[in-house]
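Student: Quick one: the structure is below, questions incoming.
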Amino acid sequence: MKQILKAGIAALALAAIAPTFAQDVEETEGTVGWTPIALGLATPVQLPWGLNRWDVYGLDLNLFYSDAPDFAGLDFGGFATTVRRETKGIVFSALFNLGCEDVYGLRVTCGLNMCARTVKGVELGLISFRNSFYGFDAHLLGNAQRNQCGFQIGGLANVSAVESYGVSLAGISNLARTSYGLQLSAIFNMTDELHGAQIALVNYAKECPSGFQIGLVNIIMDNRIKVLPFVNGYF
């Protein structure tokens, strides 16, 4: 117990003297420097002190909520985490992970993973929203993005507003404007333009330049035969 207590005091001391790592930055950037350790209850109640003031390159450990401009390393935010610029590393929270710019690495939550730009890596959670995603993810409710490239699993649905490359597995439905690869779901797949395969009870494609469908009802609107049972494809 004494050793654990000493280690905790040493970590707090290191965080407290982190201002020695401060760098000269423009005030508009919102930071005063960087720290290897940020410890506390919830930003800004932490060492070093300050909401959205310290880039963290190392360990960010807050019991309830962590908030940093730039982050690289291991981030544990208790209930939620926010990174206002780039995220690089491993991020854990119970309810919510927010990346305001690009995210690289692993993010895990029991709730929402959200990114305003591009995620490259692995995400696990309840539901996700991001601009673009590259890698592997699995969310209990589903995934939504503009562009997806990789392997995604959605308990209910996967939605790609523009393009989907790779494999999309869903409990109910996959939706994509243009699909390159495999859409596999229990109930319904839909795309404007199919370049690959759809497997579900009902499959719909407005156009199919190349590819096929397997299901009970298969619809390709630009085919000579628009609706076929069991198998439909490019002819």
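The values are calculated or read from the model by the stated rules, or taken from the named source; none is laboratory data. Small disclaimer: the values here were computed from a predicted structure and weren't measured. Reconstructed Cβ throughout: ideal geometry from the backbone, glycine too, with neighbour counts over all protein chains shown.
Student: Looking at (1) in contact with a Phe, Trp or Tyr (Cβ under 6 Å, 6 or more places away or on another chain); (2) surrounded by fewer than 20 Cβ atoms within 10 Å (Cβ to Cβ); (3) over 27 Å from N232 (Cβ atoms), can you tell me which one G166 breaks?
Tutor: Among (1) in contact with a Phe, Trp or Tyr (Cβ under 6 Å, 6 or more places away or on another chain); (2) surrounded by fewer than 20 Cβ atoms within 10 Å (Cβ to Cβ); (3) over 27 Å from N232 (Cβ atoms), G166 violates only (3).
Student: Given Y104, Y134, which one is farther than 19 Å from F76 by Cα and of a type in the set (F, W, Y)?
Tutor: Within the list Y104, Y134, the selection yields Y134.
Student: Follow-up. Do the conditions hold for I225, that is, is it farther than 25 Å from S128 by Cβ and not in a strand (DSSP E or B)?
Tutor: Yes, satisfied.
Student: Scan N158, N147, N174 and give me the residue that is surrounded by fewer than 23 Cβ atoms within 10 Å (Cβ to Cβ) and either in contact (Cβ under 8 Å) with a residue 40 or more places away in the chain or within 27 Å of G105 (Cα to Cα) (or both).
Tutor: N147
Student: Continuing with the same structure: Could you list, in sequence order, the residues of the stretch 41-70 that are over 16 Å from N97 (Cα atoms) and modelled with pLDDT under 85?
Tutor: P44, V45, Q46, L47, P48, W49, G50, L51, R53, W54
Student: Could you tell me which of the residues I187, I214, I220 is of a type in the set (V, I, T), over 23 Å from G135 (Cα atoms), buried (at least 21 other Cβ atoms within 10 Å of the Cβ) and modelled with pLDDT of 95 or more?
Tutor: After ruling out the rest, the residue left standing is I220.
Student: Considering only the stretch 136-200, give the strands (runs of 3 or more DSSP E) lying wholly within it that have at least 1 residues that are over 20 Å from the mean Cα position of the chain (by Cα).
Tutor: 173-185, 188-199
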